[in-house]
Every structure is written in C-alpha cells, then in structure tokens.
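Presented below is the structure to which this report refers.
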Amino acid sequence: MSRAKNPGKPRQPKKLRVGIYGITGCAGCQLSIIFNEDDILDLLDLVDLQAFPFIKEVNADQHFDWVIVEGLVASEQDLATVKKLRRNAKYLVSLGACAATGCVPAYRQFTLKENYEHLLYRKQKRLKDVEPTPIDAHVKVDYYIPGCPPDKKEILGFFTAIARGIEPRGTDNPVCVECRKNGNACLLDQGKPCLGPITAGGCHAVCINGGLECWGCRGPTKDMNLNLMIDILRKKGFDDRFIRDRMRTFAGLKLPTLNRIFHGKG
Amino acid sequence: MPLMETYRQTKADWKRFLEALMKGRELIAPVKRDLVRFERVKDIEDIHLKSMSYFPAKHWFFPEEQTLFRFSKKGFEMPKQKEPRRVFFGLRKCDLNAIKHQDMVFIKQAKDPYYKALRKKSLLLGYHCRTAPSPFCFCESLGLPDFFDLLYYERKDHFVVEVGSAKGKALVKKYGRWFHAEKGLTPEQRRIKNADTLEETDIGRFYDHPGWKEGVNLCLSCGACTALCPTCYCHSIHDEVTVADPGSGERKRQWSSCQLQGFTKVAGGHVFRKDRESRFKHRIYHQLEWFREKNKVPLCTGCGRCIQGCPTRIDWVSMINRMKDDEHRT
Amino acid sequence: MTNTGHSQEENPLQPRPYRVREYYRETPDTFTLTIDMAVDHDPGQFVQVSLPGIGESPISICSDSRKFIKLNIREVGRVTRELAGLRKGDTVFLRGPYGKGYPMEQLRGNDLIIVGGGCGIAPLKGTIDYIENHREAYGEVNLFIGYRSPKDIIFSRELEEWQQKYHLHVMVDQNPAGEFCYDGRTGFVTEAIREKVQDNRNKVVFICGPPVMMRAVIGILQEKGFNDDQIFVSAERLMFCAIGVCCHCMIKGKFTCIDGPVFRYDQIKEDEQE
C-alpha cells in the first residue's frame, strides 16, 4: 500500500467560501449545524465560513461559492435576501423543511385569511408579507438538505462532499427503508397515520424509532404512490379532512394533487 | 431422507445444554417484545417459541450496515474484526433454509469473508414447526430439504433432537449426558401442518399475466418486503469519510431493495426499472424463478414475512395461485 | 473470541493500488487512462476502479495487452469526474477483471462487423486491439463508428491507424458548421450499415452504444437477414460488487457483471426491454 500516492485530483484546494443564512423560520436548522459539537471545529477547517449571522458578528454578503439558506419566503424582505444571496453565490442550498417545502408556515396558504389576519398582520403594519413559499418558488436551488430539523450527520456529509468537490449523496428512498432496518414495528399496522411510505428518508426513521408516526417532514418521494397511501389511511378510519391536513402539514405545497384528490372537501 | 441420528432431551437438560453453550458464546433466539425478533438472550426463560419471529435472523450474518474497508489516501484495509461465537436457537425451517441459500450466495459464489466469518462461528439449532406458526407461511410448497446442526421437536415434557451436521454431532458427543437414545422420526412426524400453499413455483409463463396488476396497485415500493425477507441479499456499497480528514473513512455496504426506484439508476440519471410493475415482479421472479435457474432451488423459503410485514398485505401467493387456477379454467 | 484471521488476499472486494502510466484527454468529457495492471483478460471485460472516499465504478478495458490496461472514461458521475484528475504517476485502486467479454476464440474465422456509438466504442476498442494481435484469425473487418459531433470523437489517435487496416466508416450525428475541421460523413451510423452491409454470411456483429442506437442497428441487421445469435451486445447497469451478489445489475435473472456485460443477443433479447 505504500506505493500509493496522491489519488484523486492533484489540487491544492482553495477553501470554499460558504455563507449560512436564515430567513423566516425557527433557526432550528441552523442549530442542527451547530449541534455537530464534536466535529464543528474540523468542519470549520474544511471551509471558509464567510457568513453565519446566527453566530457571527462580521459577515460577508457576497462572493460565495456556496450559500446555505434556512427558512421560507414569507416577507418581502425574505424575498430580497434570497434573491441577493442567489446572485452572490455559485450554488444555493436549501436547508430544512421550510426552505424546501414551505413546511408548517406555508400551511397559511390552506387557511382563510380571516382566520389569522387579525392575530398579527393588522397589528404589525410594518410587516409586508408575501404568500409563504419555499425558496425554489423564487430562485434556483442547487441542492436540498430536507427535514424538520435536518439530520445533523447529513449536514456533515454535505460539507465533506462539497469540500472535496464532489456531489453530496442524498436519498429519495422512503422512510420505511431505514425504519425496517432499525427493526421497528410498523406504525400503520398499529393504526397510526404514518406517512413513512411516501416520505423521503435519510432521517434514520428517528420519529418512528421513538414511537411517533412520520408526518412527512422531508417531503414526498418522487416515486410515491399517493393515492394508495390515502386509501390505506381511509381504510384505517381516518377521514379525508384529517388525511389532507396531515399531508399538508409539512409538504402541502409539494403535494398539489391533494386539492384534486380531496375535491375541496372539508 | 437419510436416517438421522435422533435423541431425546428433557426440558431441564435442554436448559442446562443451552447454558453450557452460552459459556463463551452468545445465545441468539426469538424474544417477544412488541414483536418477535432474534435477539441476544441472557435468560433462557425469555426465549419465545409460540409464534414465528416477525423479523428474520438475517442481520446476524448479513448486517444492515457493515464496514468492508477502512481507507486512507494510501489504500483500503479490511478491518481486523473478532467475530463472536454464537449459538442460535429457535430457527425454523424457513430460517434455516434461508441461511443455506445465503450461504450459496455469499460463501459459495462470492467467497465473502465478512459473511463467512460470522457464519463459521455459529451453531444453528432449529425448532420444528408442528403446525404453521403464521397464517402467511407456505414452506411445504417449496420442497426444501432440512438444514441444521441440531433440530428440536417439542413434545409435552421433552424434546426430540435430530442431528444434521458434523458440528451437531460433535455437540451431542461433548454433551452426551443430556442426550438419550430415541428412535428416528417418520416423514409424517417431520411434516409441518396447515401451512398455506403456493400452487406453482415455476412461474415463467405468468410474467405478462394481468393478474400481477392487483399487487402492483397495492404496492407502495417501501421495501418492507425485502428488508423482512430472510433471503433477500441485495445491497449497495458506499464510502463514508470523516470530517477531520475527508481523505479517510470507511467503505460500507448497506441493505438495498430492488423495490426502490433508485436501485437501477446509473450515473447520468437513467433508471432501468422505473415502473412499479417491473420492480414488483423483479422480487418475486428472483425469489422463485431466476435464483432457481442458477442454483437449482428457489431463493424463497416460504416464511411469508413479506406478506405479513407489507403495509397492504399484498398476498402474492394467492395471486399466483389464481393465475394457475385461471389456466385450468380456460 | 478468536481472530478470524483471513488475509486480504482472500477478499474479492479488495481494491489494490496501480500506477497511472498515461493520461490522455480525448474530448471535453472523456479521457483515457493507461494503467500498470498486468493481467490476463478478454476484450469486453471490465474492472472496478476505486478512489478512496469517492467510491467505485465499473469501467470496461479498451486495450488488449498483458502488460497494461487502458480505460476510456466519460465524466458522468462522482467517481468518473474525480478520475479525470489523475495524472501520470498517480495511484488508482482497481479490482478485476470481471465479467464475460466477447468470445473471440469461438468466433475465429468470421468476418467481423463492429458498431460503436459514442463512448460505447471503448469496450469495442478492446476487440479491435485483439484483432490486431490475432489478425490472421479473422476475415474482413468493418468498423462503423458514430459520434454525436466532431468534438466528441474519441480515439482520434487510433482512427487513422484503423483507417489503413480495416474498412472504417465514421459518422457524426451532427456537425455544427465551422466548429471543427471535420471532413467525414454526417448522419447516423445506421445509414452506413444499411449501405455497406450486404448479407449475414459468415459474419458476426458487436454492438455497443446508447440503447436507441443499438435497437436501430439490430433492426437493420434483422432486415438484412442476420440471426440473433450473430449479434453481440454490451449492457450497462448500476453495479456495486461486480461479483454477482449486490443484484443491482440484474436483468431478469442474468447478472450484467458475471453473465455479461457482453451478451449474445438471443440470450438477452426478451429481457432487454425491461
């Protein structure tokens, strides 16, 4: 083995200029990066962290190789930020469920304005809201790290991959794949409304490991059999309104066919 | 069937025997919690033999995830691992034959050192199903031979034990004080009663049968069937690097599933089995037809776990039976 | 607890280090590596090429030597893009060769028609080199080679030599005017085959290229009276183990890695549509 010398690209890599920003969201996804306590210092060696306003005081706002954005577009300010970051970065990454699907905040799109308007928006005149939407409704997204919150190890995998200049490895396999490997009992069999079969995995089925059914936070798989999933839940005794609301909670905007399937019921 | 060495063992002696084997070995046996799984057992009282395990024992030989190599820029090194010695108790005919079939794949064909290391140090003590332990199992339809080191037939107050290998023979010799002479069993006594029937295993002619649609329409492509199958051996291999030194890390293999769309996705993005039907049929044809073409036996051992564990209980056994019935009608 | 003590020699998945002898850029997205791997192999067989931390990728051998192997690689995935960074003297990790190649021994005495499209020419170049080393064993050799455009021409170094030794028919699908000096024919390789191939007497055909091209060529050959067992095709599938256990490359029970990648068309015909 000692003959081995310098496999891979012969390069003296310049560290990638990375920015991590948050728009409307809970900041939990940015926390997920920081939760990699044991590896965070090594991580900072891998890339040149130019901006991370969540934990840094001085932050660049342009000339990024990669920009990572948490949160969804819910205000005019968000929109301006996302567009500016897109202009100033070679690659833009959507971090977390809000950025990827709109997640819970986008649920506003499925309720009547009268139901929520008086609670906040009439009081806060300065807040110029826009329809809550995922980032990719406005700018091109190069890579998605989904999840509410995202898996912290997946974030590490992402950084090590880009630092070496290779494509990060995501998964589009349903949650069930990891869930069965973990030896869990199937929650659908126990009558719980688990969305694992139509939801992209990569989370190691963390919710089901803990006894909670999958709510679909990582968004639908490309290969999902949505109609069958709905049929299964109906047969288990859930009504259409419940099924529709459950499916919309995390990924409503990525399941536009729900409207048609439920036909405006409920 | 050749005449097998047969012994009688009292239940008290059985306990003593297992306890003796547990010195220097891990005992792996079915344990009932929310479901029945093959687990490490410390107390023999925990062994559950009343129903079939929901999960097979597969992962004890072919783990869900396994490190093949540690690598650095200098190269790939196989981890020096000390595999524990293990004794398995409570494997049923389907489980035992599944191990035999995986032996064909990993030992005979691939000469896989990882699987072999785990297998070599294992004693396989089977447990005979007097009646089918699950409404979904159909092992008797597959004409499987017996395969075990020792096979236990439970009687009211004792076990009848058959010896199936040199390893088994050596055990009886070493612990002879707990084994007493007994007359051999008849084929009728060896039979497993009330198992479901798969009426046709030679299903090549059904490939284009419209009857498959029923199953395809009920399929979520979730991969539960392949994960719960004691024989399915498909896997992927990937490199994982450390953050401290992205040039070093581990090459790992993980279970995969032919039911997933990404299973046949090549660099560049083309997917060869994109439609659900071809994936659905792929598993069943590999199990019944294609493995047999190469290895003379079907891969499937009839445990029915893929049906039991399917979120929609796709009963492909009945589907094939109906295809066969249709044939006679027309 | 005892040590299992198996030596690395026994591990079929063990990649071993080899030295890169030459790196040659063929086109904007393909390159050819010559690697110091002295090994017996058949044309059409492949090796698994590893880069630590990136992964493994099956690449067919495009040479016929016992002293080295040549690999023509197109940059399409993680591994192949990284391999493009290798240069003379670098180390690369390989295992193999694997699979069933072209049954050159059995086909002695035949006229050969070799049809390659794009980077599908790579495994066929192995057969051409083999023919060169055993020229007396084969009759007339016709090479039909199609590229997308002049800038995609791989093996341009070899084409000149082939021109002198065999009946060479090079085509490009399209030739965006003025981009390159190219004085060959424009059109699909199928046109040349329709023109130049008269009958199936004493002939065998090797085809490797994009599925659409392979289907079109087979269609024409069938019109001209070729039997399926005169045609050999090379399949490409996702593959991890290369030894028939990971199952990703299975085509209706046949493993591309051990039963292929070269199949006689009658053995795979029904299944290839999958």
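The values are calculated or read from the model by the stated rules, or taken from the named source; none is laboratory data. Quantities reported herein were computed from a predicted structural model and do not represent experimental measurements. Every residue, glycine as well, gets a Cβ built from its backbone with ideal geometry; the counts of neighbours run over all protein chains shown. Quick note on the areas: whole protein, heavy atoms, side chains included, nothing else; ligands and nucleic acids left out. Shrake-Rupley method; radii C 1.70, N 1.55, O 1.52, S 1.80 Å.
In this structure the amide hydrogen of B:Glu39, modeled in the peptide plane, comes within under 5 Å of the amide hydrogens of B:Ala29, B:Val31, none closer than 5 places in sequence on its chain. Dividing the summed helix terms, -39500 (n - 2.57) for each DSSP H run of n ≥ 4, by the number of residues in chain B produces a 222 nm estimate of -7000 deg cm²/dmol to the nearest 500.
What separates the Cα centres of the stretch C:29-50 and the stretch B:177-255 is a distance of 35 Å.
With a 1.4 Å probe and all protein chains left in place, how much of the accessible area of the stretch B:1-54 comes from carbon and sulfur atoms, in whole percent?
Numbers: 1510 of 2950 Å².
After summing per-atom areas, the C and S share lands at 51 percent.
Considering only B:Leu299, B:Leu150, B:Leu171, the mean-square fluctuation computed in a Gaussian network model of chain B, springs between alpha carbons under 10 angstrom, is largest for B:Leu171. Rounded to the nearest 5, the antiparallel percentage of DSSP beta bridges internal to the stretch A:8-143 is 15%. Sparsely packed loop sites in the stretch B:58-165 (the chymotrypsin sites (Phe, Trp or Tyr not before Pro) outside DSSP H, G, I, E and B with at most 11 other Cβ atoms within 10 Å) do not occur.
Neighbouring Cβ atoms from other chains, within 10 Å of the Cβ of residues in B:61-73, number 3 on average.
Decide, for the stretch B:220-279, between rounded, prolate and oblate: order the square roots of the alpha carbon gyration tensor eigenvalues as a ≥ b ≥ c, take rounded if a/c falls under 1.5, and otherwise choose prolate if a/b is larger than b/c, else oblate.
Numbers: a/c = 3.30, a/b = 1.63, b/c = 2.02.
Oblate, because a/c is 1.5 or more while a/b does not exceed b/c.
Structural descriptor for chain B: relative contact order 22 percent, calculated from alpha carbon pairs under 8 angstrom and at least 6 residues apart. Taking 21 Å as the straight-line reach from the Cα of A:Lys84, the lysines in range (excluding those fewer than 8 positions away in the same chain) are A:Lys56, A:Lys128, A:Lys140.
Contact-buried residues of the stretch C:38-64, at a threshold of 10 Å² lost accessible area versus the chain by itself: C:Ser50, C:Leu51, C:Pro52, C:Gly53, C:Ile54, C:Gly55, C:Glu56 (1.4 Å probe; DNA, RNA and ligands ignored). Within the listed set B:Asp315, B:Asp146, B:Asp202, the residue fluctuating most in the Gaussian network model of chain B (springs between alpha-carbon atoms under 10 angstrom) is B:Asp202. When the alpha-carbon atoms of the stretch A:175-262 are used, the pair Rg, Dmax equals 12.1, 36 angstrom.
Based solely on its DSSP helices, what 222 nm [θ] is calculated for chain C when runs of n ≥ 4 H residues each add -39,500 (n - 2.57) and the sum is averaged over all residues, nearest 500 deg cm²/dmol? Walk me through the numbers before you get to the answer.
Numbers: 6 runs with 54 residues, N = 274.
Here the helix-only value at 222 nm equals -5500 deg cm²/dmol.
3J(HN,Hα) couplings calculated from phi for the stretch B:102-110 with the Karplus curve 6.51 cos²θ - 1.76 cosθ + 1.60 (θ = phi - 60°) are, in sequence order, 5, 4, 4, 6, 7, 8, 5, 7, 8 Hz; Gly and Pro show x.
What is the mean projected area of the alpha carbon convex hull for chain B, to one decimal in square nanometres? Present the calculation step by step, with values, prior to reporting the outcome.
On the way: hull surface 80.4 nm².
Orientation-averaged projected area of the Cα hull: 20.1 nm².
How well do other chains shield peptide A:218-228, expressed as the mean number of their Cβ atoms within 10 Å of each residue Cβ? Mind showing how you got there, number by number?
Values: counts 0, 0, 0, 6, 3, 11, 3, 9, 1, 1, 7.
Averaged over the peptide's residues, the number is 4.
Ratio of Rg to Rh for the stretch C:11-98: 0.92 [Cα atoms; Kirkwood radius as inverse mean 1/r over pairs]. Overall, the ratio between the Cα radius of gyration of the stretch B:153-288 and 2.2 N^0.38 Å, rounded to two decimals, is 1.66.
Modelled spin-label separation between B:Lys173 and A:Lys56, with each label point placed 7 Å from Cα along the Cα-to-Cβ direction: 7.1 nm. For the stretch C:1-107, GluC sites (Glu not before Pro) are listed when DSSP marks them as loop and at most 12 other Cβ atoms sit within 10 Å of their Cβ; the list is C:Glu105. Only the Cβ atoms of Lys and Arg (+1) and of Asp and Glu (-1) were treated as charged; on that basis the dipole of the stretch A:175-262 about its Cα centre amounts to roughly 160 debye.
When the accessible areas of C alone and B alone are added and the area of the pair subtracted, with a 1.4 Å probe, the result is around 3800 Å², both sides summed. Between the alpha-carbon centres of the stretch A:174-211 and the stretch B:43-77 there is a gap of 20 Å.
Per-residue Karplus couplings for the stretch A:20-36, computed as 6.51 cos²θ - 1.76 cosθ + 1.60 with θ equal to phi - 60°, are listed in order as 10, 10, x, 10, 4, x, 9, 6, x, 6, 5, 4, 4, 5, 5, 5, 7 Hz, Gly and Pro entered as x. Taking the centroid of alpha carbons for each part, the stretch B:260-304 and the stretch A:20-89 are 43 Å apart. Across the stretch C:191-198, coupling constants 3J(HN,Hα) worked out from phi with the 6.51/-1.76/1.60 Karplus curve, θ = phi - 60°, read 4, 5, 5, 4, 6, 8, 8, 9 Hz, and Gly and Pro carry x.
For chain A, just say rounded, prolate or oblate: build the C-alpha gyration tensor, square-root its eigenvalues into a ≥ b ≥ c, call rounded for a/c under 1.5, and beyond that prolate if a/b exceeds b/c, oblate if not.
Details: a/c = 2.34, a/b = 1.29, b/c = 1.82.
Judged from the Cα gyration tensor, chain A comes out oblate (a/c at least 1.5, b/c at or above a/b).
Looking at chain B, what % of its DSSP beta bridges pair antiparallel, to the nearest 5? Antiparallel bridges: around 75 percent, rounded to the nearest 5.
Pairs of Cα atoms under 8 Å, at least six residues apart: use those to get the relative contact order of the stretch B:204-329, whole percent.
Details: 134 pairs, mean separation 39.7, N = 126.
Answer for the stretch B:204-329 is 31 percent.
In this structure the stretch A:112-266 gives 48 Å² per residue of accessible area when probed at 1.4 Å with all protein chains present. In a fully extended conformation the segment linking A:Lys222 and A:Tyr116 would gain 34.9 nm over its present Cα-Cα distance, using 0.36 nm per residue. Result for chain C in a Gaussian network model with C-alpha springs under 10 Å: among C:Leu33, C:Leu13, C:Leu83, the largest mean-square fluctuation is at C:Leu13. Taking every C-alpha pair closer than 8 Å and separated by at least 6 residues, the mean separation divided by the residue count of the stretch C:93-143 gives a relative contact order of 49 percent. Under a 5 Å amide H cut-off, with hydrogens placed 1.01 Å from N, A:Val73 pairs with A:Thr133, A:Ile135 among residues at least 5 apart or on other chains. Residues of the stretch C:73-89 that bury at least 20 Å² of accessible area when the other protein chains are present, relative to the chain alone (probe 1.4 Å, heavy atoms, ligands and nucleic acids excluded): C:Val76, C:Arg78, C:Arg81, C:Glu82, C:Gly85.
As a check on your grasp of the helix formula, calculate [θ] at 222 nm for chain A: sum -39500 (n - 2.57) over DSSP H runs of n ≥ 4, divide by the residue count, round to the nearest 500.
Values: 11 runs with 87 residues, N = 266.
For chain A, the value works out to -8500 deg cm²/dmol.
DSSP beta bridges fully contained in the protein assembly as shown are about 60 percent antiparallel.
For a test of the definition: using alpha carbon positions, the gyration tensor, and the 1.5 limit on a/c, classify chain C as rounded, prolate or oblate. Since a/c reaches 1.5 and a/b is larger than b/c, the shape of chain C is classed as prolate.
What total accessible area, in Å², is buried where chains A and B meet, using a 1.4 Å probe and rounding to the nearest 100? It would help to have the intermediate numbers written out before the result.
On the way: alone 15060 and 16780 Å², together 29020 Å².
Summed over both sides, the interface buries about 2800 Å².
Under a model in which nothing but the beta-carbon of Lys, Arg (+1) and Asp, Glu (-1) is charged, the protein assembly as shown shows a dipole of about 2260 debye around its Cα centre. Close amide H contacts of B:Leu68 (hydrogens built in the peptide plane, cut-off under 5 Å, sequence separation of 5 or more or a different chain): B:Arg251, B:Lys252, B:Arg253.
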